[in-house]
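Here is the structure we will look at.
The values are calculated or read from the model by the stated rules, or taken from the named source; none is laboratory data. From a predicted model like this one, the values you see are computed outputs, not experimental measurements. Note that we place each Cβ from the backbone using ideal geometry, even for glycine, and neighbour counts take in every protein chain shown. Just so you know, the surface numbers come from the protein's heavy atoms only, side chains and all, with ligands and any DNA or RNA stripped out. Shrake-Rupley method; radii C 1.70, N 1.55, O 1.52, S 1.80 Å.
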Amino acid sequence: MTDLLKETLTSRATETEPPPLDLDTIMATGTRRLRRRRAGSILGTALAVVGVVATGLTVVRTNSPAPADSPAYFSERQATYAVGGTIHSGDATIDTGAQKISRLVLSDAGILFTAVGSQTLRVTDGKKVRELAELAPESRLVASGELAGWEQRTPDGYRTIVKNLQTGATVFELDHVGTLSVPTADRPALGHLVAVDGDYIYLEYQQDMYEVDLRTGNGDIVSTPSDQQSIVTFGSGHLVFVAAGPGHESAYIGFSDRTGTGGSVQNFSGAVEEIVAAVSPKGHYVALKAGATPLRIYNSNGGRRNLAGTPPQRFGHWLSADTFLAATAGPPADLVTCTVQTAEDVTCQLSRRAAAPDAKELVFPSN
């Protein structure tokens, strides 16, 4: 390069200003392009949200730094429960300031909870409590790893939100008008959030479920049994559902895998809200407590296990792939730790005496 050319280019570079950046126009153009193809990558270092709104798929600008007081990790599961407004986790006792806790959910980034009479979702790291959101009255609350999902009210419906609790970033948003999302060419009309499981989220889709891969943004339908009426829970590739169909005198609770293959495990005549069900972390077992029926442990294929030792009345939560926390009826209610053996039995041993005056006073994590 000659000295004259180099000098000329340098002069032009210093004199020329970059064109103004019209972010709104860029976003509008990006939105139109997204409508014409399947959503690509949702998760980036700074942008992370794909949602369905009345106008179609949109990318939401999220550039949230990690909160200054990011919650500590809770990846190793401890025996966790609440009595009144106090959460007990392992040897730690956490005063939440609430008079009585209504529900708990465990995550790797803290313990999520709501208080009786309140829709405010909070999270604690064992030292501090911070508010996350105002939940819709009918909202489900689910978590897996650092991710947590819930639903919030909007003027014309509700919004499904999934956040990374460690970074504060929103990784998924889906707006619903009334009870269903507005369908687009890329995605059908979807209902309530069912589960967050690893890098996937699951939403209701008619009689089936819709799975969204948060790493790619791609979605697909997960088949469920044809006579399935209500989804109870989903985890580690296994579905617990309530159904009624030919060959059954009454409604029943059943299990199925991702292909929709499964069957009935017990009859049921109550409301879905009376069912407590939890799939073990690796999907080998299902704990099930339905109405007045005693707590039962099943293999994921429907085979029933025998409970031996101190008989538990209430399921608590899974501590590992084959161990769970439970409680006796009381009064007072004791905690027991149960392990699924390689043989058919499930053995339970007393782990804490008089954890609560009565088992009804105990609030266990829903996951």
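Computed quantities for the displayed model
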| read-out | value |
| --- | --- |
| For the stretch 180-323, accessible area per residue (1.4 Å probe, heavy atoms of protein chains only), Å² | 43 Å² |
| Relative contact order %, the stretch 95-152, counting alpha carbon pairs below 8 Å whose residues are six or more apart | 27 percent |
| Cα centroid separation - the stretch 192-219 against the stretch 278-314, whole Å | 26 Å |
| Qualifying GluC sites (Glu not before Pro) in the stretch 112-213, DSSP loop, other Cβ atoms within 10 Å at most 13 | GLU138 |
| Dipole axis of the stretch 270-334 (+1 Lys, Arg; -1 Asp, Glu on Cβ), positive-most option in PRO311, HIS284, ALA326 | HIS284 |
| The stretch 159-202, relative contact order [Cα under 8 Å, separation at least 6], % | 24 percent |
| Relative contact order, percent, the stretch 233-365 [alpha-carbon distance under 8 Å, six or more residues apart] | 15 percent |
| Sparse-neighbourhood loop sites, trypsin sites (Lys or Arg not before Pro) in the stretch 234-321 - DSSP loop, at most 15 other Cβ within 10 angstrom | ARG258, LYS282 |
| Rounded percent of accessible protein surface that carbon and sulfur make up, the stretch 279-367, 1.4 Å probe | 47 percent |
| Accessible surface of the stretch 209-263 [probe 1.4 Å, protein heavy atoms]: carbon and sulfur percent | 45 percent |
| The stretch 119-126 - phi-based ³J(HN,Hα) in whole Hz, Karplus 6.51/-1.76/1.60, Gly and Pro as x | 9, 7, 8, 10, 9, 10, 9, x |
| Length gained when the stretch LYS127-ARG153 is fully extended (0.36 nm per residue, less Cα-Cα span) | 6.4 nm |
| Restraint check, LYS127/LYS289; LYS100/LYS127; LYS127/LYS282; LYS128/LYS282; LYS128/LYS289; LYS100/LYS282, Cα-Cα greater than 28 Å | LYS127/LYS289; LYS127/LYS282; LYS128/LYS282; LYS128/LYS289; LYS100/LYS282 |
| Accessible area of TYR205 in the full protein assembly, 1.4 Å probe (Å², nearest 10) | 40 Å² |
| Amide proton proximity set for GLY145, modelled H, under 5 Å, gap of 5+ | ASP108 |
| Potential extension, THR93-GLN207 segment - 0.36 nm per residue separation minus Cα distance | 36.8 nm |
| Residues SER250 and SER226, FRET efficiency given R0 of 25 Å [Cβ-Cβ distance, rounded to 0.05] | 0.90 |
| Surrounding net charge for TRP150, when Lys and Arg each add one and Asp and Glu each subtract one, Cβ distance under 9 Å | +1 |
